[in-house]
Amino acid sequence: MIYAILDQRDEGKILREDHVVFWKQGSIHFLETWCLQHGSTLRGRLEASRYILHSHQRVPVLISEATKDLMFPCKALSSKENVWINYRGVFSYTEEDKQIVFEFLNGEKIKVDTSMHCVKRSMLLCEKYMEYLYAYT
């Protein structure tokens, strides 16, 4: 399972369950490739999310209906140093020194420069999306 995708300058860092992978392009390119592997485009997934959730700001992206990987951005999509979190992999999140510490199911932790308000909103949007999926699949 991929827990998080972090943009660091012009490359991406992908946190998987048991190792870290570095990606030459940023998170958007990785997400586009990942969506294509599951038969859709990132743009299509974003449009579907906006439609289902009636929201346009920082909406989550469902990568696959089969795996239920649902990634949400911690910053605006246009941000060059974005972090994407897999809703399914989050064990807990807390605020520490004006940052959010995400703990994943494997015990790994990362600190992200975002607000608790934004994270709570994103988690709520993900929860609503998952409810929609279970109701219609």
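Among the residues of the stretch 96-137, those that are of a type outside the set (K, R), exposed (fewer than 12 other Cβ atoms within 10 Å of the Cβ) and not in a helix (DSSP H, G or I) comprise E96, D97, G107, D113, T137.
Take I85 and tell me if it is within 29 Å of A135 (Cα to Cα) and in contact (Cβ under 8 Å) with a residue 24 or more places away in the chain. Spell out how you get there, then give the answer.
Values: within 29 Å of A135 (Cα to Cα): yes; in contact (Cβ under 8 Å) with a residue 24 or more places away in the chain: yes.
So I85 fits the description; yes.
For the stretch 9-31, which residues satisfy the criterion of being buried (at least 16 other Cβ atoms within 10 Å of the Cβ) and of a type outside the set (G, A, S)? Please lay out each step first, then the result.
Looking only at the stretch 9-31, we keep the residues that are buried (at least 16 other Cβ atoms within 10 Å of the Cβ), and these are 12-15, 23, 26-28, 30-31.
Those that are buried (at least 16 other Cβ atoms within 10 Å of the Cβ) and of a type outside the set (G, A, S): K13, I14, L15, W23, I28, F30, L31.
Report, by residue number, each residue of the stretch 1-48 that is small (G, A, S), outside any strand (DSSP E or B) and touching a residue at least 12 places away in the same chain (Cβ under 8 Å).
Initial filter on the stretch 1-48 (small (G, A, S)): 4, 12, 26-27, 39-40, 44, 48.
With the extra rule that they be outside any strand (DSSP E or B), the set shrinks to 26-27, 39-40, 44, 48.
Matches in the stretch 1-48: G26, S27, A48.
E81 - would you say it is in contact with an Asp or Glu (Cβ under 9 Å, 6 or more places away or on another chain) and charged (D, E, K, R)? When the stated conditions are applied, E81 passes them. Out of the residues in the stretch 54-92 that are closer than 17 Å to Y136 by Cβ and among the hydrophobic types (A, V, I, L, M, F, W, C), state the one that is surrounded by the fewest Cβ atoms within 10 Å (Cβ to Cβ). Filtering first and then ranking leaves A66.
Taken together, the residues in the stretch 32-48 that are surrounded by fewer than 16 Cβ atoms within 10 Å (Cβ to Cβ) and in contact with a Cys (Cβ under 8 Å, 6 or more places away or on another chain) amount to 2. In the set (1) exposed (fewer than 14 other Cβ atoms within 10 Å of the Cβ); (2) free of Cβ contacts under 8 Å to residues at least 40 places away in the same chain; (3) in a loop (DSSP other than H, G, I, E, B), the condition left unmet by Y51 is number (3). Can you pull out every residue in the stretch 63-93 that is in a loop (DSSP other than H, G, I, E, B) and not charged (D, E, K, R)? Those that are in a loop (DSSP other than H, G, I, E, B) and not charged (D, E, K, R): I63, S64, A66, T67, C74, A76, L77, S78, S79, N82.
All of the numbers you see were taken from the coordinates with simple rules; none came from a lab. Fair warning: this is a prediction, and the values are worked out from it, not measured in the lab. Quick reminder, even Gly has a Cβ in these numbers, built from the backbone with ideal geometry, and neighbours come from all protein chains shown.
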